[in-house]
Amino acid sequence: MTNSLPAKAVFWLAVAALARLLLQVLAMPPYAGLDEAYHVARVAFVASTGAQPSAGEPSIPRYLATSMAAAGDGPPAFGVVAERWPELVASRPGGFTDVVIERARPDPVSPNYQAQQPSPYYAVAGPIASVLARTQLRELLALRLLAVLCGIVTVVATGLIGVRLFGPTGLLAGALLLVTPTWLTLVARAGNDAPACAALALAVLLALRSEESAGSRLAEALAWGGAIAFKLTTWPAVALLPFLWPTAATRPRRLLTGSAIFVAAALTGLDLATRTGNALGDQALWNSSEQGQAASGVLPWLAQQPWLRFLKIFVAQVVWTSGQHANALRPAAMALYLLPVLGLLALALRRRRPPVQSVRVVLLALAAFGAAQAVHLGGFLREAYRAGLSEPRAGCEGWYFLTFAPFWFGIGAALVLSGLSRKTVAFLLLWTLLWDVGIHEGALYCDYAGLSTPGNPGLLFRWGGGDPWDALERLRVFGGGLPGPWAAVALRALQVVALGILFWRSRDQEQNSAMSVDTRLATAEELLRMPRGSFRYELVRGELHRMSPAGHRHGRIAARLTARLAPFVEDHELGEVYAAETGFLLTRDPDTVRAPDVAFVTHSRVESTGSETEGFFPGAPDLAVEVMSPSDAPTAVAEKAREWVRAGTRVVVVLDPRNKSAVVYRPAIEPGGEPRSEVLAPGATLEITDVVPGWSVPLANLFT
């Protein structure tokens, strides 16, 4: 199976990401992103002082405090003034004054709750803002463009994760992420979420690599260290690392990555403990002006919390959040948006049995994210209790769900896409793209332009009013740098064209790849009657899989193993050795016929079947050998090996030419358990005495 993809397809995914993210950040008014004004305030403090603020230290510069209060002629902070925005826009038809920043005199006026965040993003962004930005709006634009760059990395890395695991169609998982409104809300803004998402996506992609070098090990360690250092919500993803690594991952690789994670976590905890008094970061209510007698006991106070409302807020924000108005979609619109998506998910799982390893990783990611969310909410609950508040002000944000996008999209969505027909995949992409356009051009950009109000709701949106074209005209004045409505149209058109080219290129690559799928259910007899040509075929649960000829190294290794195994088996009259063209009928209704690179069946089973029998061998071989191609996904090969074992194969050997290693699979000791696996390091000797007594071969003899 070939999971490689031409660089042009990746290029068009990057172009689509650039167009969409640029449209978003240029249309957004000043500080419209979630908590964007406070993130920029901390960057500005670092740019002016060169130091990181402590939790109680005044660190919001006066010019940003003025924006948050919507005072003066400078740009008001959209996300802070909230419902006052339409009034402010109407009062200043000519736009806002771009304030010159005096870095030498920051004049901080109040503490910033974003001091709770780890320092690396602000340490990087501070000098960038200091060098590139002399005015308030240019500072904001520079930081947003940094987020755009990180967003492109996240989209491309997520798509490549899908390619590595599920073939060319997996790249469309990156396209699906790009048209997910909540992810845009999380990433397209100044803040540390975009670099955290990018680092985590790169870390997951590098963790899935089976090939190793000193450079790849260092890059993987740095990516995981960065993911830990940028954002606390990424920490639980570390628990999934053992399930991402290929079985043959070397000890130096594991030690280097583990050390980087430990050092990043230790330094981050020390930094936060020093500045906030809490190694996990203060939860922002330390400056609350609300005082009062706390409830008589934690448990009674917790029992009084509106947990159902917390859950509703979380779910609504997972579907979509606008930042200013919490969630603009009505519940019926959320259902309309999600039902086709959930239906296609069910269809994909019904048509194709998902790989156990991929499902396990997604489920563990859910558990890991749940743990992160519990800690996040727990901190706000603690602070609310101490401050005597009736309930926490925050802590149930749903948009953080998209921090784990490499798992939900790179693995989960790519798995779903690989189980759908091309037409169904096209429908899914078009459906989500239309909602992206409808939500933003149809509603959110009118909100940004100050045209929508809660007094004019629509069928889908809680806020309504305004003409989309008029909104884009006004965003030339009130947006974040949008030149005009035609620029918005051009960027959206470029995104659509790039996605269309990407879709067709991934389709062509899938058809020309080493494995393509015919969705019509076929039988073993039909497979046997198929004419022979340039390709050989396997049948997997009734679906024809076209396999390209093996590469020369692949074929050489299989031939060397056969040359050493076959004479021994013949001399000792142990059974028969079969070449790669031999099909084994593993299941019926639907039929599955697999053909390993090398196979062995014991003498007694050959005799009971009949050595002259035409057709596929009825049952699994006692020994199956698979040689990995350079582009094979480790998780897919491992799942195929487990399928052999579950079908009755006693020993499965997976040879990895790149690492000159092997993995040996055997049935579970306990009935119903997962097959066992044993890694043979380079230079080890392959022994399978439980199937071929007395035979062994050094791995070096196969790979050199």
By accessible area with a 1.4 Å probe, ligands and nucleic acids excluded, highest first: order of Ile669, Ile688: Ile669, Ile688
Relative packing of peptides 636-647, 370-381, 389-400 - highest average C-beta neighbours within 10 Å first: 636-647, 389-400, 370-381
Correct choice for Cα extents along the principal axes in Å that was computed from the model, options (i) 94, 52, 50; (ii) 84, 67, 46; (iii) 77, 75, 44: (i)
Exposure rank, largest accessible area first [Thr609, Thr97; 1.4 Å]: Thr97, Thr609
Within straight-line cross-link reach of Lys660, lysines at Cα separation under 30 Å, skipping those fewer than 8 residues along the same chain: Lys640
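Report the full-extension gain for the segment Leu459 to Arg309: residue separation times 0.36 nm, less the Cα-Cα distance, to one decimal in nm.
Details: separation 150, 0.36 × 150 = 54.00 nm, distance 2.29 nm.
In short, 51.7 nm is gained.
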Long-range amide H partners of Val598 with built H, under 5 Å: Val625
Surface per residue (accessible, 1.4 Å probe) for segment 33-110, Å²: 41 Å²
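Tell me, in nm to one decimal, what length is gained between Ala559 and Glu525 on full extension, where the rule is 0.36 nm per residue of separation less the Cα-Cα distance? Intermediate results must be reported in sequence, preceding the final value.
Details: separation 34, 0.36 × 34 = 12.24 nm, distance 2.83 nm.
Gain in length upon complete extension: 9.4 nm.
I need the peptides 134-141, 201-208 ranked by packing, meaning the mean over residues of other C-beta atoms within 10 angstrom, with the highest value on top. Let's see the in-between values first.
Details: 134-141: 20.4, 201-208: 25.5.
Order by mean packing, descending: 201-208, 134-141.
Kindly state, to the nearest 0.05, the FRET efficiency for Arg386 paired with Ala82, given R0 = 30 Å and r defined as their beta-carbon distance.
On the way: r = 27 Å, r/R0 = 0.89.
Calculated transfer efficiency: 0.65.
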Highest-first arrangement of 328-340, 233-245, where packing means the average Cβ count within 10 Å: 233-245, 328-340
Semi-axis lengths, Å, segment 391-438, gyration tensor of Cα atoms, sqrt of 5 times eigenvalues: 29, 16, 7
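When a/c is below 1.5 the answer is rounded, else prolate if a/b is larger than b/c, else oblate, so apply that to segment 170-232 with a ≥ b ≥ c taken from the square roots of the Cα gyration tensor eigenvalues. Numbers along the way, then the final one.
Numbers: a/c = 3.77, a/b = 1.45, b/c = 2.60.
Oblate shape, in that a/c is at least 1.5 and b/c is the bigger or equal ratio.
Please work out how much length the chain gains when fully extended from Leu430 to Trp504, using 0.36 nm per residue of separation minus the C-alpha to C-alpha distance, in nm with one decimal.
Numbers: separation 74, 0.36 × 74 = 26.64 nm, distance 1.36 nm.
Full extension of this stretch gives 25.3 nm more.
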Sequence of Lys423, Lys8 when ordered by accessible area, the most exposed leading, probe 1.4 angstrom: Lys423, Lys8
Rough spin-label spacing in nm, given labels placed 7 Å along Cα→Cβ, for Glu581 and Thr97: 8.5 nm
Residue-level accessible surface for Ser358, protein heavy atoms, 1.4 Å, Å²: 10 Å²
Within-15-Å neighbourhood charge of Arg564 [Cβ basis; K, R +1; D, E -1]: -2
Unit charges on C-beta of K, R, D, E only; dipole of the chain, Debye: 720 debye
For the chain: relative contact order, % (alpha-carbon pairs under 8 angstrom, 6 or more apart): 15 percent
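The values are calculated or read from the model by the stated rules, or taken from the named source; none is laboratory data. Every value quoted in this text rests on a predicted model; they were computed, and no experiment measured them. Neighbour counts run over all protein chains shown; Cβ positions are idealised from the backbone, glycine included. Accessible surface areas use protein heavy atoms only, side chains included; no ligands, DNA or RNA. Shrake-Rupley method; radii C 1.70, N 1.55, O 1.52, S 1.80 Å.
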